[in-house]
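One structure is given here, and the rest of the page talks about it.
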Amino acid sequence: MVKVRDLGLGFNSDEIVLFKYCSGSCHRAGSNYDLTLGSLLRQQLITPGPQERVLSHPCCRPTRYEAVSFMDVENTWQTVEKLSAAECSCIG
């Protein structure tokens, strides 16, 4: 449960909404891509830039989203599409 104004989307609302997110590790076997990328990173044959974060393993991410509706301080209903995670899966 989070305040709408804490979502970082610029909405001015005192409402509290349910924000569902994905977390956890993905222990499934990595693909050939994951294995190769991991090897190249360990050998420093690929060097990510200072602002890049390269992952060589699958990560838990939303695969389906839900919209969230709330009333702002002007008593206007707002709906934010694809805000909350509805399903999660290992991606990568």
Ser56 closer than 25 Å to Lys3 by Cβ and either part of a loop (DSSP other than H, G, I, E, B) or modelled with pLDDT of 90 or more (or both):
no
Segment 44-77: number of residues that are out of contact with any helix residue (DSSP H, G or I) (no Cβ under 7 Å at 6 or more places or on another chain), open to solvent by less than 50 Å² (accessible area, probe 1.4 Å), under 27 Å from Glu15 (Cβ atoms) and not aliphatic (A, V, I, L, M):
2
Considering only segment 14-58, state which residues are under 30 Å from Asp72 (Cβ atoms) and within 23 Å of the chain's Cα centre (by Cα).
Glu15, Ile16, Val17, Leu18, Phe19, Lys20, Tyr21, Cys22, Ser23
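Those residues that are among the hydrophobic types (A, V, I, L, M, F, W, C), over 15 Å from Cys90 (Cβ atoms) and surrounded by 13 or more Cβ atoms within 10 Å (Cβ to Cβ), I need them from segment 17-43; list them, please.
In the first step, residues of segment 17-43 are kept if they are among the hydrophobic types (A, V, I, L, M, F, W, C); the result is 17-19, 22, 26, 29, 35, 37, 40-41.
From what's left, over 15 Å from Cys90 (Cβ atoms): 17-19, 35, 37, 40-41.
Once the filter is applied, which keeps residues that are among the hydrophobic types (A, V, I, L, M, F, W, C), over 15 Å from Cys90 (Cβ atoms) and surrounded by 13 or more Cβ atoms within 10 Å (Cβ to Cβ), segment 17-43 yields Val17, Phe19, Leu35, Leu37, Leu40, Leu41.
The values are calculated or read from the model by the stated rules, or taken from the named source; none is laboratory data. Since the structure is predicted, the reported quantities are computational estimates derived from the model, not experimental observations. Glycine gets a Cβ as well: all are built from the backbone with ideal geometry, and neighbour counts include every protein chain shown. Only protein heavy atoms, including side chains, enter the accessible area calculation; ligands, DNA and RNA are left aside. Shrake-Rupley method; radii C 1.70, N 1.55, O 1.52, S 1.80 Å.
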